[in-house]
Amino acid sequence: MTAPRPILFLDVDGPLIPFGAAARGPLTQEANPLLGRLDPTVGARLLALPCDLVWATTWLDEANDTVAPRLGLPRLPVVDGPEEDPPGPRGLHWKTRRLSEWAGRRPYIWLDDEIGEPDRLWTEAAHPAPALLLRVDPARGLTEADFAVMREWLGLLSRR
């Protein structure tokens, strides 16, 4: 029996749309002027990773309508936010428990610019499979170094 493919949870603002002054691309005249900062080559690089892509963003399904076409991505599943965020450890991101629940027993990577130590500690203690919580610098967005970390982690995971 083959192991299930890992999931790659994608946040948009910060990882895919960097905020820094040196971010790729100029501001545009579109409804969201930051869309010009999307790197159109990122989609193919994400699709080349041996995992299932899932949106984990407050953009929700709008990521499929607005971001995915600009990156060459197909429509992806979307993790909805919780109806109510139950109390948890101080500093725990609202996505942390939701992504673990959505992944079930599958390993996953979570790309986000808001991941902190409470999220790492909670995931390590509670998620039943390996997880890589990769904090992306929101000023720079997703970089080659981030892709290298993901490829290395996925390679180690495949040898388990």
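The values are calculated or read from the model by the stated rules, or taken from the named source; none is laboratory data. Since we're looking at a predicted model, the values are computed, not measured. Please note: Cβ atoms are built from the backbone with ideal geometry, for glycine as well, and neighbour counts cover all protein chains shown. Each accessible area value is taken on the protein alone, full model and side chains, heavy atoms only, with ligands, DNA and RNA left out. Shrake-Rupley method; radii C 1.70, N 1.55, O 1.52, S 1.80 Å.
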Roughly how much of residue 66 is accessible, in Å² to the nearest 10, using a 1.4 Å probe?
20
List every residue whose amide H lies under 5 Å from the amide H of residue 17, counting only residues 5 or more places away in sequence or on a different chain, with H placed 1.01 Å from N in the peptide plane.
none
Over the chain, the sum of -39500 (n - 2.57) across DSSP H runs of at least four, divided by residue number and rounded to 500 deg cm²/dmol, gives at 222 nm -8000 deg cm²/dmol
Accessible area (Å², per residue) of the chain, counting only protein heavy atoms and a probe of 1.4 Å
53
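Suppose every Lys and Arg Cβ carries +1 and every Asp and Glu Cβ carries -1, with no other charges. What dipole size does segment 52-160 come out with about its Cα centre, to the nearest 20 debye?
520
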Label selected from (i) 25; (ii) 40; (iii) 46, the criterion being percent of Cα pairs over 26 Å apart as computed here
(i)
Difference of contour (0.36 nm per residue) and Cα-Cα distance, residue 149 to residue 137:
2.9 nm
Using a 10 angstrom cutoff on alpha carbons, build the Gaussian network for the chain and name the most mobile of 55, 94, 110.
94
Taking protein heavy atoms only, a 1.4 Å probe, and rounding to whole percent, the accessible area of the chain owed to carbon and sulfur comes out at 55
Theoretical gain in end-to-end length, residue 159 to residue 114 [0.36 nm per residue, Cα-Cα removed]
13.2 nm
At a probe radius of 1.4 Å, what is the per-residue accessible area of residue 19, in Å² to the nearest 10?
100
Contact order normalised by residue count of the chain, Cα under 8 Å, 6+ apart, percent
30
